[in-house]
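I have placed the structure first, in the form of structure tokens, so that the comments after it can refer back to it.
The values are calculated or read from the model by the stated rules, or taken from the named source; none is laboratory data. All of these numbers come straight from a predicted model, not from anything done at the bench. Cβ placement follows ideal geometry from the backbone for every residue including glycine, while neighbour counts extend to all protein chains displayed.
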Amino acid sequence: MQEIFLNTIQDFNDYNGMETLHPLVSVLHVESTEHIQKSVMHYGLYAIYLKETKGCKLSYGRTPYDFDEMTVTSFAPGQVVTVEPNPDVPFAKYTALAFHPDLLNRTPLAKQMSRYEFFDYTSTEALHLSTQEVEIFQGVLAMIEQELHRAIDKHTRELIVSNIELLLNYCLRFYDRQFITREEINNSVVKKFIRLLDDYIVNQAASEGLPSVAYFADKCCFSTGYFGTLVKIETGRSAKDIIADHLLSHATQMLNDASLTISTVSERLGFDYPQHFVRFFKAHTGKTPAQWRAA
């Protein structure tokens, strides 16, 4: 299995056998006649792929689905991705946008990149586009590509970056649509999360510590970022807030039992120290556990 390091746009273009038109950004159209090889890709730049091979096997989380729509996957600097061949679709066909973080230096977009949480989703949590969405996606890429074929001038970077931001904003919209259209699946994930959360607080918190979003994301077979967005869209609240709500609910139930000391309640809920539990409880109720008991 080969390891591939994509630290620069030149690396990216060389790997795909394409000419470099700009040192910090590239748009590629690839239709390979070679069989896909298993490899490990190390990303030092941002890359967004529109996979055009139809009929391939994809997954939503770790649940397999068959899709005919084109799919988008996104990677960010520091990510390591394993690529494995699909025997049903041996040849790759895709369009890709890659841009180096340096392209965004001293631009408003540089401060906004944390908005685009889909860069933290796994490749199995791909964005599945409708025909109309594909046209929009390709249209924005075409504007970026048009700039790359012009002579570089003082407007080039501003226009390219603004179109990259436009594309990222469309991806946000498309992901929101995908979460909404999968409401039934999302609802079952949230129900599983709540069930696992209450079970964890009762049976595992005392020995394993406070519950975390990452723990339940893994149990539901999603990346932390994708899971957090799914829960927020489905419930209107963050997964972290839901965990806090359930900890508080269990805390008040236990505090109703006068035989349990505050230290015991704190330990059973997974807090390392009773004072941490007291701060948590007061922050959410306005009272300390002792004051709440005395009320």
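Condition first: closer than 24 Å to Q132 by Cα, over 19 Å from the mean Cα position of the chain (by Cα) and at pLDDT below 95. Now tell me which residues in the range 148-188 satisfy that.
Within the range 148-188, E184 is the sole residue that qualifies.
Answer with yes or no whether L141 is touching an Asp or Glu at 6+ places or on another chain (Cβ under 9 Å), touching a residue at least 24 places away in the same chain (Cβ under 8 Å) and closer than 24 Å to Y15 by Cβ. Break it down stepwise before answering.
Details: touching an Asp or Glu at 6+ places or on another chain (Cβ under 9 Å): no; touching a residue at least 24 places away in the same chain (Cβ under 8 Å): yes; closer than 24 Å to Y15 by Cβ: yes.
In short, no.
Yes/no per residue for (1) at pLDDT below 85; (2) under 30 Å from L230 (Cα atoms); (3) in contact with a His (Cβ under 7 Å, 6 or more places away or on another chain):
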| site | (1), (2), (3) |
| --- | --- |
| N13 | no, no, no |
| L45 | no, yes, yes |
| T53 | yes, yes, no |
| G61 | yes, yes, no |
| Y65 | yes, yes, no |
| Q79 | no, yes, no |
| P87 | yes, no, no |
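Is at least one residue of the range 148-163 without any contact (Cβ under 8 Å) to a residue 24 or more places away in the chain, within 16 Å of I48 (Cβ to Cβ) and surrounded by 19 or more Cβ atoms within 10 Å (Cβ to Cβ)?
yes
So which residues in the range 270-295 are under 29 Å from the mean Cα position of the chain (by Cα), surrounded by 17 or more Cβ atoms within 10 Å (Cβ to Cβ) and in a helix (DSSP H, G or I), if there are any at all? Show your work before the answer.
Quick first cut of the range 270-295, residues under 29 Å from the mean Cα position of the chain (by Cα) only: 270-271, 280, 284.
Filter again for surrounded by 17 or more Cβ atoms within 10 Å (Cβ to Cβ), leaving 270-271, 280.
The one that is under 29 Å from the mean Cα position of the chain (by Cα), surrounded by 17 or more Cβ atoms within 10 Å (Cβ to Cβ) and in a helix (DSSP H, G or I): F280.
Test each condition in (1) more than 30 Å from S249 (Cα to Cα); (2) surrounded by fewer than 14 Cβ atoms within 10 Å (Cβ to Cβ) for L167 and report the one that comes out false.
Here L167 clears every test but (2).
Just the residues that are modelled with pLDDT under 90 and acidic (D, E), please, taken from the range 101-124.
E117, D120
Kindly provide the set of residues from the range 172-216 that are in contact with a helix residue (DSSP H, G or I) (Cβ under 7 Å, 6 or more places away or on another chain) and over 20 Å from E117 (Cα atoms), ordered by number.
Residues satisfying the conditions are N187, F193, L196, L197, D198, I201, A205, A206, P211.
Any residue in the range 249-266 that is assigned by TED's automatic domain parsing to the domain that holds K191, under 17 Å from F193 (Cβ atoms) and either touching a residue at least 60 places away in the same chain (Cβ under 8 Å) or not hydroxyl-bearing (S, T, Y) (or both)? Before you say what the answer is, go through the steps one by one.
Going through the range 249-266, the residues assigned by TED's automatic domain parsing to the domain that holds K191 turn out to be 249-266.
Of the ones still in play, those that are also under 17 Å from F193 (Cβ atoms) are 249-250.
When the remaining residues are screened for being either touching a residue at least 60 places away in the same chain (Cβ under 8 Å) or not hydroxyl-bearing (S, T, Y) (or both), the result is 250.
Yes: one or more hits.
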